[in-house]
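Written out below as structure tokens is the structure these notes cover.
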Amino acid sequence: MCAIAAPVLDADGTPLASVAVSMPESRYDESRLPEWGRMVADTAAEITHRRSDV
């Protein structure tokens with residue numbers, strides 16, 4: 001099992017939750033790690049941003 005995760009933060013920068021993608025090792029492709037990492041980080045940042053708008 002392989003996973004990539006990024007934190008969702010509150011207004012003080014404290015982690016509240018996380019966004020993660022997991023997959024069996026047989027589907028892990030190291031060359032796609034930058035792409036997957038960026039997608040997970042961007043999604044976590046968007047959730048963090050939307051929470052601050054509440």
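Read the figures in this text as sums done on the coordinates, not as results from a lab. Everything numeric here is computed off the predicted structure, so don't read it as measured data. Glycine gets a Cβ as well: all are built from the backbone with ideal geometry, and neighbour counts include every protein chain shown.
Can you tell me which residue within the stretch 19-53, out of those that are surrounded by 13 or more Cβ atoms within 10 Å (Cβ to Cβ) and outside any helix (DSSP H, G or I), is nearest to the chain's Cα centre (by Cα)? Among residues in the stretch 19-53 that are surrounded by 13 or more Cβ atoms within 10 Å (Cβ to Cβ) and outside any helix (DSSP H, G or I), the one nearest to the chain's Cα centre (by Cα) is V19. Of all residues in the stretch 1-35, those that are among the aliphatic types (A, V, I, L, M) and touching a Phe, Trp or Tyr at 6+ places or on another chain (Cβ under 8 Å) total 2.
Restricting S52, S22 to residues that are among the hydroxyl-bearing types (S, T, Y) and touching a residue at least 40 places away in the same chain (Cβ under 8 Å) narrows the list to S52.
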